[in-house]
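**Student:** Quick one: the structure is below, and I'll ask about it shortly.
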Amino acid sequence: MDTPSDTHNLFFDSVSAYFDRAADLMSFPAGLLDQVKSCNSVYRMKFPVKDDDGNIVVIEAYRVQHSHHRLPCKGGIRFSPHVTQTETVALAALMTYKCALVGVPFGGAKGSVRFDPKTCSPEFRERVTRRYTAELIKKNFIGPQIDVPAPDYGTGEQEMSWIADTYRAMKFNEPDTYACVTGKPLALHGIPGRREATGLGVQLGIGECLAHEDDMTALGLTTGLPGKRVIVQGLGNVGSYSAHFLQKNGALIVGIAELGGGIYDPAGIDLRRAAHHFKENGSFAGCGIGAFFENPRDVLEQPCDILVPAALENQITAENASRIQAKIIAEAANGPVDHEAEEILRDRGILVIPDLYLNAGGVTVSYFEWLRNLSHVGFDRMSTRLSELTKTHLIEAVEHLTGRTLDPAERASVTAGPREVDFVHTALAETMAVAYHSIHDAWKTKDLPDLRTAAYYVAIDRVCRSYQAHGIFP
Ligand code: NAD
């Protein structure tokens, strides 16, 4: 059995190998490519926190800023007993390429804290989060223009609130304190649409991929989501929203893998019922939906069109890649397919939609939240009523010309102005479409081996050009 550090080295090696594969095809100076690949800063800390019995526990944590080519740095914070420095560096590097790919003007970063948030009390989790934030503040590793964390595996809105509150308490005179972290709840200057952003982006990204008839024909699939059979691994933030939006857009969820077991039903799973059972019982055991698999990894190998790993890295390796039956692997998690598995999948004609593109919805909407916090105004406030008035005048003119009038319900629906969440969702959809177009175009026109190489190629090109524009490498 692999230890966490083995699997994290494997993940780091994969990110490194993917970078090299794309960089080898580029003509930038070797030193510049070296700089783009290198991790700029690593802050490893140990700090004491009292447990619920008053005993002191020493916590190890990290904040990694992979690239300062744009500021602030941006990246989630992971809480897990298995985090390592190597894993955090690999995740931070991915953030640099991800931001470049979707046009988010940040450098990549990542944070991690080694403890189990699932088995401790909320009070302990709060003390750890606040102390971690204080450590970041002491070393200038957090701030609206420096480094802006967000949720990741094992963290969510609650932790982001504690971070914002701690930052605000210690930086009381700063004007934009809430922009120090994103993924906050709405009540604490969050943005509508952030909670579901990564999962919605996953669905939008899969939709972009499925729209290309030639690619789908090569896979033996039709275009479009309706009727596609999907297996999802992980029912946390990313997995549950991915499954929800995929199902809402016509896909059939046939399998779900979670810690403690998985379920598979080729006729389709009632997602709401399955999620409810999992939430109540912490497992799918006894839920009575489809076939139950004690080992959740077995679910990944069941027949489907699209496999969506949305849990952790290194889930598809050389060990199980030959048994995967999906035609598309949609990387909702970071690093779920390692570089050895990828060779096997490519030889078998399986298409991988890479993580740095597919799960970029989270950082994209985090960018909108950050902008909103800096401007201190919602995206709808200055335009929604104006839009309603303009549409009302237009409708009145059309009614006058045609002699036909809309009933009040019709009129209200036609003239309604956009809500803030509409701005967020449409801007996210545009981002996912434009980014897919750029990687698909690079894949085909530069004859690159696959979508991942194309995504790295586009991202590295942009970061290199940014460095060159700064005059660092004339
Ligand atoms: P989360 O903690 O909300 O959920 C993860 C889920 O995966 C949990 O329910 C956990 O029980 C489950 N899980 C863990 N190991 C598993 C296994 N071996 N088999 C099946 N299920 C397993 O985390 P999240 O925020 O949804 O993040 C998931 C992945 O997506 C991570 O790789 C993260 O880096 C990536 N990601 C998250 C975001 C975000 O906005 N939260 C953005 C981009 C990428």
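**Student:** Kindly establish whether residue 342 is buried (at least 24 other Cβ atoms within 10 Å of the Cβ), charged (D, E, K, R), in a helix (DSSP H, G or I) and within 16 Å of the ligand (Cβ to nearest atom). Steps first, please.
**Tutor:** Working: buried (at least 24 other Cβ atoms within 10 Å of the Cβ): yes; charged (D, E, K, R): yes; in a helix (DSSP H, G or I): yes; within 16 Å of the ligand (Cβ to nearest atom): no.
So residue 342 fails the test.
**Student:** So in the stretch 268-290, with the set limited to residues that are in a loop (DSSP other than H, G, I, E, B) and free of Cβ contacts under 8 Å to residues at least 12 places away in the same chain, which one is nearest to the ligand (Cβ to nearest atom)?
**Tutor:** 286
**Student:** Can you give me the number of residues within the stretch 213-241 that are within 12 Å of the ligand (Cβ to nearest atom) and part of a helix (DSSP H, G or I)? Full working, then the answer.
**Tutor:** Going residue by residue through the stretch 213-241, those that are within 12 Å of the ligand (Cβ to nearest atom) are 231-241.
Then keep just the ones that are part of a helix (DSSP H, G or I); that gives 237-241.
Within the stretch 213-241, residues that are within 12 Å of the ligand (Cβ to nearest atom) and part of a helix (DSSP H, G or I) number 5.
**Student:** Note down all Cβ pairs under 6 Å where the first residue falls in the stretch 361-384 and is over 20 Å from residue 145 (Cα atoms), the second is hydroxyl-bearing (Ser, Thr, Tyr) and within 16 Å of the ligand (Cβ to nearest atom), and they're at least six residues apart or on different chains.
**Tutor:** Short answer, once both residue conditions are applied: 361/198.
**Student:** When the stretch 242-267 is examined, which residues are found to be within 15 Å of the ligand (Cβ to nearest atom) and farther than 17 Å from residue 311 by Cβ?
**Tutor:** Matches in the stretch 242-267: 245 only.
**Student:** Exactly one condition in (1) farther than 19 Å from residue 352 by Cβ; (2) away from the ligand (no atom under 16 Å from the Cβ); (3) surrounded by 23 or more Cβ atoms within 10 Å (Cβ to Cβ) is false for residue 160; which is it?
**Tutor:** (2)
**Student:** Sort out which residues of the stretch 303-320 are away from the ligand (no atom under 14 Å from the Cβ) and surrounded by 22 or more Cβ atoms within 10 Å (Cβ to Cβ), and write them in order of number.
**Tutor:** 304, 305, 306, listed by residue number.
**Student:** Looking at the stretch 321-338 only, could you name the residues that are among the acidic types (Asp, Glu) and within 12 Å of the ligand (Cβ to nearest atom)?
**Tutor:** From the stretch 321-338, those among the acidic types (Asp, Glu) are 331, 338; that's our starting set.
Within the stretch 321-338, just 331 meets the criteria.
**Student:** Next question, about the same structure. In the stretch 109-122, which residue that is within 12 Å of the ligand (Cβ to nearest atom) and small (Gly, Ala, Ser) is surrounded by the most Cβ atoms within 10 Å (Cβ to Cβ)?
**Tutor:** 111
**Student:** On the basis of being within 24 Å of residue 312 (Cβ to Cβ), at pLDDT 95 or above, of a type in the set (Asp, Glu) and outside any strand (DSSP E or B), does residue 13 make the cut?
**Tutor:** No; evaluated as a whole, the condition is false for this residue.
**Student:** Right, next: Answer with yes or no whether residue 133 is over 21 Å from the mean Cα position of the chain (by Cα), outside any strand (DSSP E or B), away from the ligand (no atom under 15 Å from the Cβ) and under 21 Å from residue 50 (Cβ atoms). Spell out the reasoning first.
**Tutor:** Details: over 21 Å from the mean Cα position of the chain (by Cα): yes; outside any strand (DSSP E or B): yes; away from the ligand (no atom under 15 Å from the Cβ): yes; under 21 Å from residue 50 (Cβ atoms): yes.
Yes, satisfied.
**Student:** Another question about this same structure. On the given criteria, is residue 331 modelled with pLDDT under 95, within 18 Å of the chain's Cα centre (by Cα) and either of a type in the set (D, E, K, R) or more than 26 Å from residue 22 (Cβ to Cβ) (or both)?
**Tutor:** no
The values are calculated or read from the model by the stated rules, or taken from the named source; none is laboratory data. Keep in mind that what you see is a predicted model, and the values were worked out from it rather than measured. Neighbour counts are summed over all protein chains in view; Cβ atoms, including those assigned to glycine, are modelled from backbone coordinates with ideal geometry.
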